[in-house]
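Quick notes on the structure that follows.
The values are calculated or read from the model by the stated rules, or taken from the named source; none is laboratory data. All values derive from a computational prediction rather than experimental measurement. Cβ coordinates were reconstructed from backbone atoms using ideal geometry, including for glycine residues, and neighbour counts include every protein chain displayed. All accessible areas refer to the heavy atoms of the entire protein, side chains included, with ligands and DNA or RNA removed. Shrake-Rupley method; radii C 1.70, N 1.55, O 1.52, S 1.80 Å.
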Amino acid sequence: MIGNFTYEEMLQFAKELEDNADIIDKLAKKQEAGMLQTFISNVDWYSTFIKSTVEIYKDADEVLKPLKEKK
């Protein structure tokens, strides 16, 4: 878990961000909206950040698992 969210929920958030950013990006390109495309790029980056964070937390859980089992 990350905060109150499961890993699956976090990955779903990331996927939704990525999917919506793709849709908006296609619309922005048609309108030549450069500032909007910069925002979309940041949203896409944040989606990638969330996915990476989930992987780091999962790896940490695996490393800490033996310590938790010793209790």
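Using a 1.4 angstrom probe on the protein heavy atoms only, line up Glu62, Glu9, Glu18, Glu32 by accessible area, largest first.
Largest accessible area first, the residues go Glu32, Glu62, Glu9, Glu18.
Can you tell me the Rg and Dmax of the range 26-71, counting just the alpha carbons, in angstroms?
Taking only Cα atoms of the range 26-71, I get Rg and Dmax of 18.8, 59 Å.
Find which of Tyr46, Phe5, Leu27 sits farthest along the positive direction of the dipole of the chain, computed with +1 on the beta-carbon of Lys and Arg, -1 on that of Asp and Glu, about the Cα centre.
Phe5
Show which lysines lie in cross-link reach of Lys29 when reach means a straight Cα distance below 23 angstrom and same-chain residues fewer than eight apart are skipped.
Lys15
When only C-alpha pairs under 8 Å and at least 6 residues apart count, what is the relative contact order of the chain, in percent?
With pairs under 8 Å counted, the relative contact order is 39 percent.
Compute the length gained on full extension between Val63 and Phe49: take 0.36 nm times their separation in residues and subtract their Cα-Cα distance, giving the result in nm to one decimal.
Fully extending the segment from Val63 to Phe49 adds 2.9 nm.
Between Leu11 and Phe39, take the C-beta separation as r, use R0 = 22 Å, and let me know the FRET efficiency to the nearest 0.05.
That pair, Leu11 with Phe39, gives E of 0.50.
For the chain, take the longest principal axis of its alpha carbons; what is the angle in degrees between that and the long axis of helix 34-69, to the nearest 10 within 0 to 90?
Computed tilt is about 10 degrees.
Report, to the nearest whole %, how much of the accessible area of the chain belongs to carbon and sulfur atoms, 1.4 Å probe, protein only.
Accessible surface attributable to carbon and sulfur in the chain totals 60 percent.
Give the aspartates and glutamates whose C-alpha is closer than 18 Å to that of Lys68, dropping any in the same chain fewer than 8 places away, or say none.
Asp59
Output the 0 to 90 degree angle, nearest 10, between the alpha-carbon long axis of helix 7-31 and the longest principal axis computed from the alpha carbons of the chain.
10
I'd like to check one number: the per residue accessible area of the chain, probe 1.4 Å, reported in Å² as a whole number.
On a per-residue basis, 81 Å².
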